[in-house]
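S.K.: Following this message is one structure expressed as structure tokens.
The values are calculated or read from the model by the stated rules, or taken from the named source; none is laboratory data. Every value quoted in this text rests on a predicted model; they were computed, and no experiment measured them. Don't worry about glycine lacking a Cβ; one is built from the backbone with ideal geometry, like all the others, and counts go over all protein chains shown.
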Amino acid sequence: MNYEETFRKMRAMKLLGMHEAFKVSMETRQHEQLPFDQLLHLLIEAEYEDRQNRKINRYLKAAKFRYQSSVEEVDFSSPRGLDKNHLIRLSSCQFLEKQENIIITGPTGVGKSYLASAIGHQACMKGYKVLYFNAAKLFSQLKMSRVDGSYTKFINRLEKQDLLILDDFGLHPLDEENRLMLLEVIEDRHGRRSTIVTSQLPVIKIEYVF
């Protein structure tokens, strides 16, 4: 039997995972050895996995992380006060389910941005929407959006992210406009979404600002 028409329809319906799995089963003649229900299960699983992988790749690309990092690559041998068990708990992303926030503090060069990106990467892998911003660039984009009329749309986009990462917060003093915009971002997300803040400031000063 010629299955070219079936392949064409699969591609037309964007069943790319199913298309590839069916093509392999034809080449290996696996379809002749499997009962229909098992073959159907194989094809559906292949399509599901393909869609999940494509979604994760979209989330990773949209997040715009500063570093392509992962929790597995974090170095715990350096004496910088990292608790491996605590990081493993954070990598489960239960804090996202509870809408909790994370503050990562420390001097320059200890890997704050890397850690935040690693946790964000893990969140994407688990199907959460993540957006990374250098704090100064975020304020700059917020101001620009007010000028071009896209402020509300931009704020709504920030609100919908499961995880917002604000990196290098507090490097520059906040003027009144930046304070008000930050307040709006945080209020929109408070109790509904999670935020990670990295900063050289002590935790008590960050909490005062927020």
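S.K.: As an exercise: evaluate GLN38 against (1) under 32 Å from the mean Cα position of the chain (by Cα); (2) part of a helix (DSSP H, G or I) and give the number of the one condition it does not meet.
M.R.: (1)
S.K.: Still on this structure, please answer the following. Could you list, in sequence order, the residues of the stretch 111-143 that are of a type in the set (A, V, I, L, M), out of contact with any Cys (no Cβ under 7 Å at 6 or more places or on another chain) and either closer than 19 Å to ASP188 by Cβ or buried (at least 21 other Cβ atoms within 10 Å of the Cβ) (or both)?
M.R.: Selection gives LEU115, ALA116, ALA118, ILE119, LEU131, ALA135, LEU138, LEU142.
S.K.: Can you go through LYS153, LYS98 and tell me which one is over 30 Å from TYR48 (Cβ atoms) and in the same structural domain as ARG193 (by TED's automatic domain parsing)?
M.R.: Matching residue, one of LYS153, LYS98: LYS153.
Yes/no matrix, rows are residues, columns are (1) exposed (fewer than 12 other Cβ atoms within 10 Å of the Cβ); (2) in contact with an Asp or Glu (Cβ under 7 Å, 6 or more places away or on another chain); (3) within 30 Å of LEU163 (Cβ to Cβ); (4) not assigned by TED's automatic domain parsing to the domain that holds TYR114:
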position	(1), (2), (3), (4)
MET10	no, no, no, yes
GLY17	no, yes, yes, yes
VAL24	no, no, no, yes
GLU32	yes, no, no, yes
LEU39	no, no, no, yes
GLU45	no, no, yes, yes
ASP50	no, no, yes, yes
GLY81	yes, no, yes, no
LYS84	yes, no, yes, no
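Okay, residues lined up against (1) exposed (fewer than 13 other Cβ atoms within 10 Å of the Cβ); (2) part of a strand (DSSP E or B):
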{"site": "LYS153", "(1), (2)": "yes, no"}
{"site": "ILE165", "(1), (2)": "no, yes"}
{"site": "ASP168", "(1), (2)": "no, yes"}
{"site": "PRO173", "(1), (2)": "yes, no"}
{"site": "GLU177", "(1), (2)": "yes, no"}
{"site": "LEU182", "(1), (2)": "no, no"}
{"site": "VAL185", "(1), (2)": "no, no"}
{"site": "ASP188", "(1), (2)": "no, no"}
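S.K.: While we're here: If only one of ILE56, ILE104 is under 15 Å from ALA118 (Cα atoms) and outside the structural domain of SER194 (by TED's automatic domain parsing), which one is it?
M.R.: The match here is ILE56.
S.K.: Does the stretch 111-150 hold any residues that are over 19 Å from GLN68 (Cβ atoms) and aliphatic (A, V, I, L, M), and which are they?
M.R.: Answer for the stretch 111-150, where residues must be over 19 Å from GLN68 (Cβ atoms) and aliphatic (A, V, I, L, M): ALA135, ALA136, LEU138, LEU142, MET144, VAL147.
S.K.: Another one. Every residue in the stretch 87-132 that is in a strand (DSSP E or B) and at pLDDT 95 or above, please.
M.R.: VAL130, LEU131, TYR132
S.K.: Would you mind finding the one in SER91, SER117, SER78, SER113 that is hydroxyl-bearing (Ser, Thr, Tyr) and more than 13 Å from ILE196 (Cβ to Cβ)?
M.R.: None of the others qualify; the one that does is SER78.
S.K.: Every residue in the stretch 86-105 that is exposed (fewer than 14 other Cβ atoms within 10 Å of the Cβ) and over 15 Å from the mean Cα position of the chain (by Cα), please.
M.R.: Matches in the stretch 86-105: HIS86, ILE88, ARG89, LYS98, GLU100.
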